[in-house]
1. Does any residue of segment 77-99 turn out to be modelled with pLDDT of 75 or more, assigned to a loop (DSSP other than H, G, I, E, B), surrounded by 10 or more Cβ atoms within 10 Å (Cβ to Cβ) and of a type in the set (Val, Ile, Thr)?
2. Surrounded by fewer than 17 Cβ atoms within 10 Å (Cβ to Cβ) and either assigned to a loop (DSSP other than H, G, I, E, B) or basic (Lys, Arg) (or both): which single residue out of Thr185, Thr209 fits that description?
3. Mind listing whichever residues of segment 239-260 are assigned to a loop (DSSP other than H, G, I, E, B), open to solvent by 20 Å² or more (accessible area, probe 1.4 Å) and in contact with a Ser or Thr (Cβ under 7 Å, 6 or more places away or on another chain)?
4. Looking at (1) at positive phi; (2) over 23 Å from the mean Cα position of the chain (by Cα), find the lone condition where Gly166 falls short.
5. Collect the residues in segment 188-197 that are open to solvent by 10 Å² or more (accessible area, probe 1.4 Å) and touching an Asp or Glu at 6+ places or on another chain (Cβ under 9 Å), keeping them in residue-number order.
6. Could you check segment 227-238 and list, in sequence order, the residues that are within 34 Å of the chain's Cα centre (by Cα) and open to solvent by 40 Å² or more (accessible area, probe 1.4 Å)?
Amino acid sequence: MASQHHQNASAGYQLKSKIKRIALMLLVISIFGLMLLGKADIIIVDKLRNLFVDLATPVLVVVSKPAVAISSFISNLRELASIRAENTKLRAENESLNLVKIEADRLAKENAYLSDLTRYIPPPKAKSISTRVIADVGNSFAQSLIAFVGHDQEVKKGDVVLTGDGLVGRVASVGFNSARIMLITDINSRVPVRIEHLDAPAILEGDNTEFPNLISLPSSAKVAVGDKVITSGMAGVYPPGLAVGIVVSNTEGVIKVRPFVNRNHLEIVHIVDYNLSGLIPEVPCETKE
């Protein structure tokens, strides 16, 4: 009986030992399997991620194009604004330099005419103001501009209007906050001029067209296309030597002049008081109470 009990105990111990070995083996296999599975998961995840990126790339490219375009558009707008600001500054500087050149040329010509005179009394110094053109009221019957300037700025009828390119016209009437400028192309405009290299006096007569007429020339004057026309200073309406335009045609005695100033590009004009007495001054408006 004791022998049988001992055999049973030995068999149970062997069974437990086998179970322990099997369990240990299964544990090792499980751990190794988990390690392999973890490694396999990483590879699968990487492959899935790469696949997703490959599939998403064309979509991202398409989606990103509007964003790139918008960014480029905003950048171009900023660059354009900077260029416009710089261009405005350069135009203002160029306009000032042109005006200085016009005045220097006028004074040089005046000095040449007066070099032989004695006891010459120079005219008072000119006063000028720059202003913006706010309206173009030109039509088939008149050629005029409206400038944002008036009596408060001491502008008066007869003041000469210039740009850096040359003569625009003169102030025809003045209000409290506006002034009407009659262009040299207006049918009522008569500008005493001369052909520069011929020193031949004439009258530039407006006819409400783009090219006014040159009239009252001496019969001996040989006017050719390309001749420069400047103010003569006669009649005391305009000072001498201001650039007016250039002869563009001479057909059967009808001489046409293209003004240096293009009315379509007029934004800023310079109104100059040369203290001339060729026009009867306009009566100032009564002061508002």
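The values are calculated or read from the model by the stated rules, or taken from the named source; none is laboratory data. If you're wondering where the values come from, they're calculated on a predicted model, not measured in any experiment. Cβ atoms come from the backbone with ideal geometry, glycine included; neighbour counts cover every protein chain shown. The area values use the complete protein model at the heavy-atom level, side chains included, leaving out ligands, DNA and RNA. Shrake-Rupley method; radii C 1.70, N 1.55, O 1.52, S 1.80 Å.
1. no
2. Numbers: Thr185 fails: surrounded by fewer than 17 Cβ atoms within 10 Å (Cβ to Cβ).
From the options Thr185, Thr209, the qualifying one is Thr209.
3. The first filter runs over segment 239-260 and keeps only residues assigned to a loop (DSSP other than H, G, I, E, B), leaving 239-242, 252-253, 260.
With the extra rule that they be open to solvent by 20 Å² or more (accessible area, probe 1.4 Å), the set shrinks to 240, 252-253, 260.
Residue satisfying the conditions is Pro240 alone.
4. With respect to (1) at positive phi; (2) over 23 Å from the mean Cα position of the chain (by Cα), Gly166 is out only on (2).
5. Quick first cut of segment 188-197, residues open to solvent by 10 Å² or more (accessible area, probe 1.4 Å) only: 188, 190, 192, 194, 196-197.
Scanning segment 188-197 gives Arg190, Glu196, His197.
6. Lys228
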